[in-house]
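For reference, the structure is listed below as structure tokens.
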Amino acid sequence: MARIAGVNIPTNKRVLVALTYIHGIGPAKAKEICSKVGLTDERRVNTLSDDEVLRIREVIDREYQVEGDLRREVAMNIKRLMDLGCYRGLRHRKGLPVRGQRTHTNARTRKGPAVAIAGKKKVTK
């Protein structure tokens, strides 16, 4: 099992798909990395030599911000918004959607499970 950027890469998958298991690398960056290293799209992780794995690791370390560093930067950006007290920071602080989505209904992912209000009854006509 290859270990790149602190993540165990699945061995039986194609290299393009396996690289997306690293936080901060999606399909486009994975394709870019493979082209820089000189790998074809059909190659699988278990067919890679140690030298190729080392080259992939070096390219990622040199040119991309991934895993812990990326998570830390995102967390610091959110903390900065919250400390400023700007609108986006207040939405983060309250646990509400930040990018203008409606909250009257929906938004359950951000708000959490619905909580029933005591004493409220349905009105029938």
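The values are calculated or read from the model by the stated rules, or taken from the named source; none is laboratory data. Quick caveat, the model's predicted, so the values are computed rather than measured. Please note: Cβ atoms are built from the backbone with ideal geometry, for glycine as well, and neighbour counts cover all protein chains shown. All accessible areas refer to the heavy atoms of the entire protein, side chains included, with ligands and DNA or RNA removed. Shrake-Rupley method; radii C 1.70, N 1.55, O 1.52, S 1.80 Å.
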Exercise for the section: Let me know the charge dipole size of the stretch 1-122 about its Cα centre in debye, to the nearest 20, where only the beta-carbon of Lys, Arg (+1) and Asp, Glu (-1) is charged. Expected result: 1480 debye
Exercise for the section: Return the lysines within reach of Lys120: Cα separation strictly under 23 angstrom, same-chain partners fewer than 8 residues apart disregarded; answer none if there are no such residues. Expected result: Lys111
Handout entry: Degrees separating the helix 50-63 axis from the principal Cα axis of the chain, which is the longest one
Key = 50 degrees
Problem - Positive-end extreme of charge dipole, the chain - chosen from Thr20, Val53, Cys34 (charges on Cβ) - result: Thr20
Exercise for the section: Can you find, among Asn77, Thr103, Val66, the residue farthest towards the positive end of the dipole of the stretch 66-110? Put +1 on the C-beta of Lys and Arg, -1 on that of Asp and Glu. Expected result: Thr103
Handout entry: With Cα atoms, 0 to 90° folded angle of helix 27-37 axis to the chain main axis
Key = 20 degrees
Completion exercise
Largest-first ranking of Thr109, Thr11 by accessible area, probe 1.4 Å, whole protein assembly kept, is Thr109, Thr11
Practice task
Take the solvent-accessible surface of the protein heavy atoms, probe 1.4 Å, and return the percent of it on the chain that carbon and sulfur atoms account for.
Solution key: 52 percent
Practice task
Starting from the Cα-Cα distance between His23 and Glu42, subtract it from 0.36 nm times their residue separation and give me the gain in nm to one decimal.
Solution key: 4.6 nm
Handout entry: Computed label-point distance, nm, for sites Glu73 and Lys121 using a 7 Å Cα→Cβ extension
Key = 5.8 nm
Completion exercise
Highest mean packing first, using Cβ neighbours within 10 angstrom, the peptides 49-57, 68-76, 112-120, 100-108 sort as 49-57, 68-76, 100-108, 112-120
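Using only helices, what value at 222 nm comes out for the chain when you add -39,500 (n - 2.57) per DSSP H run of length 4 or more and divide by the total residues, to the nearest 500 deg cm²/dmol? Before the final figure, lay out each step's value.
Details: 6 runs with 60 residues, N = 125.
Estimated from H runs of four or more residues: -14000 deg cm²/dmol.
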Problem - Normalised alpha carbon radius of gyration of the stretch 6-94 [divisor 2.2 N^0.38 Å] - result: 1.40
Practice task
Enumerate the calculated ³J(HN,Hα) couplings along the stretch 76-90 in order (Karplus 6.51 cos²θ - 1.76 cosθ + 1.60, θ = phi - 60°), each rounded to whole Hz, writing x wherever the residue is Gly or Pro.
Solution key: 5, 5, 5, 5, 4, 4, 5, 5, 5, x, 6, 4, 4, x, 5
Completion exercise
Excluding residues fewer than 8 positions from Lys94 in its own chain, the aspartates and glutamates with Cα under 17 Å of it are Asp83
